[in-house]
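Working notes, beginning with the structure itself.
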Amino acid sequence: MMQAFVISGAQVVLDDRVERCEVRIEDGRITGLDVARDGARIVDARSQILAPAMVDIHGDAFERQLMPRPNVFFPLEAALLETDRQLGANGIGTAYHALTLSWEPGLRSVATGADVIGTLDRLAPRLTVENRVQLRWETFCFEAISLIESAIAGPLPPSVAFNDHTSMALLDPAVPLQTRPFDLAPDYPLTDLSGADFRAKMDARAKRGNVDAEHYIRQITEVWQRRPEVPAAIARVAAMGRAADLPMLSHDDSQIEARDHYRGLGARISEFPMNRTVAEAARAAGDWIVLGAPNAMRGGSHLGSLGAGEMIAAGLCDILASDYYYPAMLAAVERLRRDGVGNLAQLWKLVSGNPASASGLTDRGEIAPGKRADLVLLDWPEGHAPAPRATWVAGRTAYSAAA
């Protein structure tokens, strides 16, 4: 049993408005707005903004704690504890770590993925926010399927993202990445695997796996021979996800055909669609659409893909994910608010209520009686950047910058 407390004096981000009210929390839940204090401890939040803690549907910034420099690995416990603290300090109460499960050696290998999942499970009593995983499955990596199966049975159900960076890596450079054919198309346009340009492109990937470029090119060439078996592997993993009622996503959709294919398998979230045509098709079908918060914060994609601000204004983006930078979620809301894309209540849904709903987490993402007390208190002077002052997860303090 935790002592009840009341957050008093803040402007509170509610579902459809922002207004000053008191929020009472008891035993990890919000028990009322402007109700009797009944001896609860008072948290003075005058001149601050109280909002639902953010829900990060896709973030891989944790990789920088695991490997802050190429091939410099840190102990997993230390890296994941630091990641957890960064999440709380940025107002993120629930995080799906985009854990790539690939045939590549090193950072994104199945072995590393298994270690991360196991370490998060062991660390759970010490973590301050809810650390989940997005199984960002490289569809050519058949050896990951048993790990996916065991992760699905774990204490915190994951999400599953269908990811094909193998086909993207082998794309003919004359074909724009944003409009490339569906990855499973029989006439997929391949690059020259023996060319100097391809070797240079693979060099950075090879360093991530701690192998030389020649070794990496041999490996990806061998992996490409698995292509006829990929559709059946995708169908198998999708069936596992449906059976467990997991949120499922398709990554970097470039064609309506791709979105239709994965929707048919139960993946109702389009993660980082590569062009507006695909996003419009996803919207027409009622899918969730995810774009990167760094994109919205910076005013454009670093890959030259869709501009998040423009897409939000057009009603073609529901969710902003941290992607590779945790502070971007809050900074994106600030930028979009300043640019007049929406009001605070509307924009906050992009980083809290909508990702919670898309992930099936109906107990959070909103400040309302009965909801879990996942909250962030913001110091946000007019005309200046916001900064978290405190984060609570299920009523427990995950971060505090109070004096």
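The values are calculated or read from the model by the stated rules, or taken from the named source; none is laboratory data. This one's a predicted model, so the numbers in the text were calculated from it and none came from an experiment. Cβ coordinates were reconstructed from backbone atoms using ideal geometry, including for glycine residues, and neighbour counts include every protein chain displayed.
Among the residues of segment 214-239, just one is over 16 Å from T166 (Cβ atoms) and buried (at least 17 other Cβ atoms within 10 Å of the Cβ), namely A238.
Inclusion of F140 among residues that are within 23 Å of F272 (Cβ to Cβ), over 17 Å from the mean Cα position of the chain (by Cα), at pLDDT 95 or above and assigned by TED's automatic domain parsing to the domain that holds A243 is warranted. Scanning segment 156-177 for residues that are farther than 24 Å from Y96 by Cβ and touching a Ser or Thr at 6+ places or on another chain (Cβ under 8 Å) turns up L170, L171, D172, P173, L177. Only a single item in (1) touching a residue at least 40 places away in the same chain (Cβ under 8 Å); (2) closer than 27 Å to A114 by Cα is not met by R64, and it is number (1). Of all residues in segment 210-223, at least one satisfies being among the aliphatic types (A, V, I, L, M), out of contact with any strand residue (DSSP E or B) (no Cβ under 6 Å at 6 or more places or on another chain), within 28 Å of A151 (Cβ to Cβ) and not in a helix (DSSP H, G or I).
So for segment 193-206 (the condition being touching a residue at least 40 places away in the same chain (Cβ under 8 Å) and not assigned by TED's automatic domain parsing to the domain that holds E149), does at least one residue qualify? Don't jump to the end; show me each part of the working.
Going through segment 193-206, the residues touching a residue at least 40 places away in the same chain (Cβ under 8 Å) turn out to be 205.
After this cut, where a residue has to be not assigned by TED's automatic domain parsing to the domain that holds E149 as well, the list is 205.
Looking for residues that are touching a residue at least 40 places away in the same chain (Cβ under 8 Å) and not assigned by TED's automatic domain parsing to the domain that holds E149, one finds at least one in segment 193-206, hence yes.
Taking G106, is it touching a residue at least 40 places away in the same chain (Cβ under 8 Å) and crowded, with 20+ Cβ neighbours inside 10 Å? First the steps, then the outcome.
Numbers: touching a residue at least 40 places away in the same chain (Cβ under 8 Å): yes; crowded, with 20+ Cβ neighbours inside 10 Å: no.
No.
Scanning segment 1-44 for residues that are free of Cβ contacts under 8 Å to residues at least 24 places away in the same chain and among the aliphatic types (A, V, I, L, M), we see that the one that is surrounded by the fewest Cβ atoms within 10 Å (Cβ to Cβ) is A36.
Within segment 345-402, being within 21 Å of A313 (Cα to Cα), in contact with a Phe, Trp or Tyr (Cβ under 9 Å, 6 or more places away or on another chain) and not small (G, A, S) holds for N354, P355.
Return the residue satisfying two criteria in turn: it lies in segment 186-209 and is loosely packed, with under 12 Cβ neighbours inside 10 Å and either outside any loop (DSSP other than H, G, I, E, B) or among the basic types (K, R) (or both), and of such residues it is farthest from the chain's Cα centre (by Cα).
First pass over segment 186-209, keeping only residues loosely packed, with under 12 Cβ neighbours inside 10 Å: 186-187, 192, 194-197, 200, 204.
With the extra rule that they be either outside any loop (DSSP other than H, G, I, E, B) or among the basic types (K, R) (or both), the set shrinks to 196-197, 200, 204.
Numbers: A196: 35, D197: 32, A200: 30, A204: 24 Å.
Once the filter is applied, the top-ranked residue is A196.
Listed by first and then second residue, the pairs linking a residue in segment 369-381 that is modelled with pLDDT of 95 or more to a residue that is basic (K, R) and part of a strand (DSSP E or B), with Cβ atoms under 8 Å apart and 6 or more places separating them unless they lie on different chains, are G370/R29; K371/R29; R372/R29; A373/R29; L377/R389; L378/R389; D379/R389. Of all residues in segment 178-218, which are aliphatic (A, V, I, L, M) and closer than 28 Å to P68 by Cβ? Correct list: A200, M202, A204, A206, V211, A213, I217.
All of L80, L99, L87, L135 fail the test of being within 15 Å of the chain's Cα centre (by Cα), part of a helix (DSSP H, G or I), at pLDDT 95 or above and of a type outside the set (G, A, S), apart from L87. Condition first: of a type in the set (V, I, T) and touching a Ser or Thr at 6+ places or on another chain (Cβ under 7 Å). Can you find one or more residues in segment 74-87 that meet it? Looking through segment 74-87, none of the residues is of a type in the set (V, I, T) and touching a Ser or Thr at 6+ places or on another chain (Cβ under 7 Å).
Residue pairs whose Cβ atoms lie under 9 Å apart, sitting 6 or more positions apart in sequence or on different chains, and linking a residue in segment 245-272 that is in a loop (DSSP other than H, G, I, E, B) to a partner that is among the basic types (K, R), are P247/R268; D253/R259; S254/R180; Q255/R180; L265/R242; G266/R242; A267/R259. In this structure, D253 does not satisfy being under 30 Å from R20 (Cβ atoms), touching a helix residue (DSSP H, G or I) at 6+ places or on another chain (Cβ under 7 Å), in the same structural domain as E130 (by TED's automatic domain parsing) and acidic (D, E).
Name every residue in segment 391-400 that is small (G, A, S) and in contact (Cβ under 8 Å) with a residue 40 or more places away in the chain, in order of residue number.
Hits for segment 391-400 are A394, G395, A398.
Considering (1) of a type outside the set (K, R); (2) exposed (fewer than 15 other Cβ atoms within 10 Å of the Cβ); (3) touching a Ser or Thr at 6+ places or on another chain (Cβ under 9 Å), the lone condition that A401 does not fulfil carries the number (3).
Of all residues in segment 71-84, none that is more than 23 Å from R205 (Cβ to Cβ) and assigned by TED's automatic domain parsing to the domain that holds G118 has its Cβ atom under 8 Å from the Cβ atom of a residue that is surrounded by 11 or more Cβ atoms within 10 Å (Cβ to Cβ) and among the acidic types (D, E), 6 or more apart or on another chain.
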